[in-house]
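One structure below.
The values are calculated or read from the model by the stated rules, or taken from the named source; none is laboratory data. Quick caveat, the model's predicted, so the values are computed rather than measured. With ideal geometry, Cβ positions are generated from the backbone for all residues, glycine too; neighbour counts draw on all protein chains shown. What goes into the accessible areas is simple: the full protein's heavy atoms, side chains included, and nothing from ligands, DNA or RNA. Shrake-Rupley method; radii C 1.70, N 1.55, O 1.52, S 1.80 Å.
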Amino acid sequence: MPAIAETTCYNLSKFRATMKSFRVLDDNIMLRLNETNTHAEAACANFFNELVAAYVKRDASIKFCLETMDRNIATKKEKLYQDPDDYTLKDSIMTDESKRQIIANESVVEDIVRGRSLKAFQERCALYDLPENMQEFLDKRHG
């Protein structure tokens, strides 16, 4: 089950507020790192796991919305093919495509937030080596 409702994908204010709530850990990273024993590998590992869980949740939410919107736009385009003079449908498709682009731009925001958080984490938890299998996930860029 997705962490975000389908209706949230079409309400940009709610989508942004939801994403902001999903970024609380990143927004408070320095405070949380100050409260973490950064000289203990286990404490850093636990904190890193929390970060990864937040990244996965946000990535899944963005992906879910993009896929939902893509399906909806495709359905509307099929209907428009049947009735090319339906200007209301044309407007609806353009609106949905604009909203989809805004959702896609959240990936850029996510990359910036993730980079900032990882930099702070690696500076403070210098003794903790990131798992090799996580590096590709952490470095991934969104298209």
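Remarks
- Residues within the stretch 88-108 that are in contact (Cβ under 8 Å) with a residue 24 or more places away in the chain and not polar (S, T, N, Q), tallied: 9
- Only one of the listed residues (ALA17, ALA43) is in a helix (DSSP H, G or I) and open to solvent by less than 50 Å² (accessible area, probe 1.4 Å). That residue is ALA43.
- Hey, ARG32 assigned to a helix (DSSP H, G or I), open to solvent by 60 Å² or more (accessible area, probe 1.4 Å), among the basic types (Lys, Arg) and farther than 23 Å from VAL108 by Cβ or not: yes
- Residue check, PHE64 touching a residue at least 40 places away in the same chain (Cβ under 8 Å), open to solvent by less than 80 Å² (accessible area, probe 1.4 Å) and either closer than 24 Å to THR7 by Cα or of a type in the set (Asp, Glu) (or both): yes
- Residue selected from the stretch 99-111 under the condition of a type outside the set (Val, Ile, Thr) and open to solvent by less than 70 Å² (accessible area, probe 1.4 Å), by the criterion farthest from ASP59 (Cα to Cα): LYS99
- Just one of the numbered conditions (1) open to solvent by 30 Å² or more (accessible area, probe 1.4 Å); (2) within 22 Å of the chain's Cα centre (by Cα); (3) of a type in the set (Lys, Arg) is not true of LYS79: (2).
- Check on ASP91, open to solvent by 80 Å² or more (accessible area, probe 1.4 Å) and either in a helix (DSSP H, G or I) or farther than 24 Å from ILE4 by Cβ (or both): yes
- Hey, VAL52 among the aliphatic types (A, V, I, L, M) and without any contact (Cβ under 8 Å) to a residue 40 or more places away in the chain or not: no
- Among the criteria (1) within 23 Å of LYS119 (Cβ to Cβ); (2) open to solvent by less than 60 Å² (accessible area, probe 1.4 Å); (3) out of contact with any Leu (no Cβ under 7 Å at 6 or more places or on another chain); (4) not acidic (Asp, Glu), the one VAL24 does not fulfil is (2).
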